[in-house]
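The values are calculated or read from the model by the stated rules, or taken from the named source; none is laboratory data. Everything numeric in this text was worked out from a predicted model, so none of it was measured. Cβ: placed from backbone, ideal geometry, glycine included. Neighbour counts: every protein chain shown.
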Amino acid sequence: MAACSEQGGRKYNEDAFACGQARNGHYAVLCDGAGGHRRGAEAAQRAVASVERVLRDESVSFTPAVLTQVVRGAHAELLAHQDTDHADARMHCTIVVLWIDSSGHHVLWSHVGDSRLYRFRHGQADVVTADDSVVQRMVQSGLIRPDQTQDHPQKNQLLAALGMEGDIDPNTVARPVELFEGDAFLLVSDGWWGLFDDAALAQSLAHALGPEQWLADMREQIQARAVRGQDNFSAIAVWVGDPGEVTNPDNDDTKPRGVPAIRS
């Protein structure tokens, strides 16, 4: 695993992340905060700390229901620390969480908002989350095409986020998903994914020798564009084995490569 978070052209970095390994598996969590008086940074940090604290507890079970409750717990943490006297000082954040079981056989994920999770298998990118946003709902309804979302005036309007009033319904995968050797995952805030299409992300992965190099290449591309007012941009890369060994076989290896499930 590798991670990075950059301030971009904003006054503050309101993204936060954590990743690591515990007795009950590997985890990665990324949040993108928003709120008055720098409370977006507080929201993201509180949510990340809440999720990490529970996922590092070896007594918790690796189930979708537990992961959903973990995300709801982060939401409750923000609600408990809202400034109820000043509406402009409310804080909220998006979240995306990846959780791999201790055996390395299966993975779970959940998200709220428009921070995304990509899965790469055999060099192909697949967005496995669907943004809780106005433009994503318009795409699903057939009102606009996916290629019209980037410059849409409502692209930053969220339908759900941690810390918003009321309950939330985290978008948690229904069952544990099997992992395969060579799978790669990318957790990203919108300041990162907004500058890449799927093909560009996959192309960067194809040239990388490790997750650190993958993130460094993409970060350099973002910085080279020098977008005015660039949003905070953050990402966590998770490799299951070496994606290149599965996607790009050696020249002297003419036999098809299988994709065996990971074994302990």
In region 34-51, anything among the small types (Gly, Ala, Ser) and crowded, with 17+ Cβ neighbours inside 10 Å is listed as 34, 35, 40, 41, 43, 44, 47, 50
Counting only residues in region 190-215 that are part of a loop (DSSP other than H, G, I, E, B) and closer than 16 Å to residue 225 by Cβ, the one nearest to the chain's Cα centre (by Cα) is identified as 194
Based on what the data block shows, is residue 54 surrounded by fewer than 22 Cβ atoms within 10 Å (Cβ to Cβ) and in a helix (DSSP H, G or I)? yes
If you take the residues of region 98-118 that are under 10 Å from the mean Cα position of the chain (by Cα) and not aliphatic (A, V, I, L, M), which of them is surrounded by the most Cβ atoms within 10 Å (Cβ to Cβ)? 115
Which members of region 224-248 meet the condition of being out of contact with any strand residue (DSSP E or B) (no Cβ under 9 Å at 6 or more places or on another chain), among the small types (Gly, Ala, Ser) and at negative phi? 224, 244
Of all residues in region 111-128, count the ones that are in contact with a Lys or Arg (Cβ under 8 Å, 6 or more places away or on another chain) and under 15 Å from residue 196 (Cβ atoms). 3
Failed criterion for residue 11 (all others in (1) at negative phi; (2) over 17 Å from the mean Cα position of the chain (by Cα); (3) crowded, with 16+ Cβ neighbours inside 10 Å hold): (3)
Quickly run through region 20-50 and pick out the residues that are part of a strand (DSSP E or B) and under 15 Å from the mean Cα position of the chain (by Cα). 20, 26, 27, 28, 29, 30, 31, 32, 33
Of all residues in region 217-229 being over 17 Å from the mean Cα position of the chain (by Cα) and among the hydrophobic types (A, V, I, L, M, F, W, C), the one that is nearest to residue 62 (Cα to Cα): 222
Among the residues listed as 184, 161, 216, the single one being surrounded by fewer than 21 Cβ atoms within 10 Å (Cβ to Cβ), at pLDDT 95 or above, of a type in the set (Gly, Ala, Ser) and under 20 Å from residue 28 (Cβ atoms): 216
In region 62-97, what residues are part of a strand (DSSP E or B) and more than 17 Å from the chain's Cα centre (by Cα)? 91
